[in-house]
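The values are calculated or read from the model by the stated rules, or taken from the named source; none is laboratory data. Keep in mind that what you see is a predicted model, and the values were worked out from it rather than measured. Cβ coordinates were reconstructed from backbone atoms using ideal geometry, including for glycine residues, and neighbour counts include every protein chain displayed.
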Amino acid sequence: MQVADDQNKDFAAVEHVLQCYFEGLYQGDAEKLKVIFHPDVWLKAPGVRRSLVQWLNDVDKRPVPAHINQSYAFQILAVDVVKDQAMAKVHCPIFEFDYIDFLGLLKEDGKWQVVSKMYTDLKGQ
């Protein structure tokens, strides 16, 4: 069935974007992250708003988790794909933080990209 095949391909493509997100965070690779985010995305947490440019600059300036022997414990908790849109809930323990991120993705021109990111630190509760 073509519809099921397309859905499986889209789900796999979204999972690939999420794995690139994890790798980019872990390796401190702003260029890898830049590719999977739409340029007009804003990253939002309670009381915090950052543009993609601001966030990528922060990634460039901070220590690299892989270089300081942090464990790689990122996890996909949930993914919902509906046609050309997806929502992912991911767990991103990094440095002293324990983030849960909600990433909204859209498929445009055949390419999946993150168009929204909301995040919170569970340790801050």
### Query
Scanning for something hydrophobic (A, V, I, L, M, F, W, C), in contact (Cβ under 8 Å) with a residue 40 or more places away in the chain and surrounded by 16 or more Cβ atoms within 10 Å (Cβ to Cβ), does the stretch 44-65 turn up at least one residue?
no
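Is it true that A86 is crowded, with 17+ Cβ neighbours inside 10 Å, at pLDDT 95 or above and of a type in the set (G, A, S)?
In short, yes.
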### Summary
How many residues of the stretch 95-112 are surrounded by fewer than 18 Cβ atoms within 10 Å (Cβ to Cβ) and either of a type in the set (V, I, T) or touching a strand residue (DSSP E or B) at 6+ places or on another chain (Cβ under 7 Å) (or both)? The answer is 6
### Query
Does the stretch 20-37 include one or more residues that are in a helix (DSSP H, G or I), surrounded by fewer than 18 Cβ atoms within 10 Å (Cβ to Cβ) and more than 14 Å from the chain's Cα centre (by Cα)?
no
